[in-house]
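I have placed the structure first, in the form of structure tokens, so that the comments after it can refer back to it.
What follows is calculated from the coordinates using simple rules that are stated; it is not laboratory data. Model, not experiment: these values are computed from the prediction.
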Amino acid sequence: MKLYGLIGKSLKHSASPAIYQQIFDREERTDCHYALFELAAMEELPRLLETHPELQGFNVTFPYKELIIPYLDHLDQAAEEIGAVNVVTVERSTGKILLTGYNSDWVGFSESLTGEMLPDRALILGTGGAARAVAYALRKREVACQFVSRSGKEGALRYEDVSDELMRAHHLIVNCTPLGTAGLHENELPPLPYQALTSHHHLYDLVYNPAVTPFLQQGIEHGCRIQNGMAMLHAQAVLAWQWFKGKMTNVE
Ligand code: NDP
């Protein structure tokens, strides 16, 4: 049996096992299983690898996407530039375990983005690993990105600095914060001047549970194009599966 899985702190609501089961079923891989591994701390990883010699690769989620980097033997270029890893392949030879880290979030986002034309400028809400992956994907497609952060980190605007005019100048707005997530920040949305939205805007929420978050609800009410994070989740899993199978080494 080949084992794959997801590491994170709290995984109760993860959609990943169902997504991977679809992939295994489609490829008739009855020899593969996908499991959830809740780790209380990153230091538990070596023990996990020891106790599961059949583990071939795993996905990484909150809060370990950055913390895992010191445990890796290799890092692909995109993961290094983004500074976050959400896919790790495991190779074992002569008693050694070799871990390679990748980032499939940026590809998942890029592939899932709908619409014929991308706008010139985007607002990215949040500054975590997912926000940096989204910015990496958009910049590759020549979209200028402006981060918005609660703390006004270097280069980022504070929410209170986002004016109607700024909203009107950025036709793509991507929520990369957990606000709106069911059971966590339910009914919360990033504090923005939503009255400035128009039908030219595209609101993308990385959150996919619920399907329509309060942020996307604002988009509906103002006639915007809206998208949740489900297609991104699927696309990044399909790519991770290629890495797990050793079918792909890098993505440009
Ligand atoms: P992080 O925790 O690394 O970053 C989230 C960022 O959101 C923080 O850096 C912070 O930015 C901001 N933030 C956190 N809490 C709040 C809050 N209460 N109010 C306002 N802003 C807040 O998470 P990730 O970057 O890994 O993921 C972000 C979201 O994207 C999660 O909900 C995750 O589930 C989702 N996601 C979805 C994917 C998909 O495939 N659909 C893939 C990856 C992530 P600052 O401090 O600068 O304000």
In degrees rounded to 10, the 0-90 angle between helix 129-140 Cα long axis and the longest Cα principal axis of the chain is 70
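Contact order normalised by length for the chain, with contacts defined as Cα pairs under 8 Å and 6 or more residues apart; what percent is it? It would help to have the intermediate numbers written out before the result.
Values: 463 pairs, mean separation 37.1, N = 252.
Relative contact order, the chain: 15 percent.
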The pairs in LYS12/LYS245; LYS2/LYS96; LYS12/LYS65; LYS9/LYS65 lying past 21 Å Cα-Cα in this model are LYS12/LYS245
The answer for the per residue Cα convex hull volume of the chain, in Å³, is 131
Using alpha-carbon positions, the gyration tensor of region 41-107 gives root eigenvalues a ≥ b ≥ c; with a/c under 1.5 called rounded, otherwise prolate if a/b exceeds b/c, else oblate, the class is prolate
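Take the alpha carbon gyration tensor of region 106-229, find the square roots of its eigenvalues, order them as a ≥ b ≥ c, and report rounded if a/c is under 1.5; if not, report prolate when a/b exceeds b/c, else oblate.
Working: a/c = 1.11, a/b = 1.09, b/c = 1.02.
In terms of gyration-tensor shape, rounded.
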For the chain, the longest principal axis of the Cα atoms and the Cα long axis of helix 16-26 enclose an angle in degrees, to the nearest 10, of 70
From the Cα centre of region 136-209 to that of region 43-60, the distance in Å is 35
Between the Cα axis of helix 230-244 and the main Cα principal axis of the chain, the angle (0 to 90°, nearest 10) is 30
Summing -39500 (n - 2.57) over every DSSP H run of at least 4 in the chain, dividing by its residue total and rounding to the nearest 500, the 222 nm mean residue ellipticity is -8000 deg cm²/dmol
One would report the antiparallel percent of DSSP beta bridges in the chain, rounded to the nearest 5, as 25
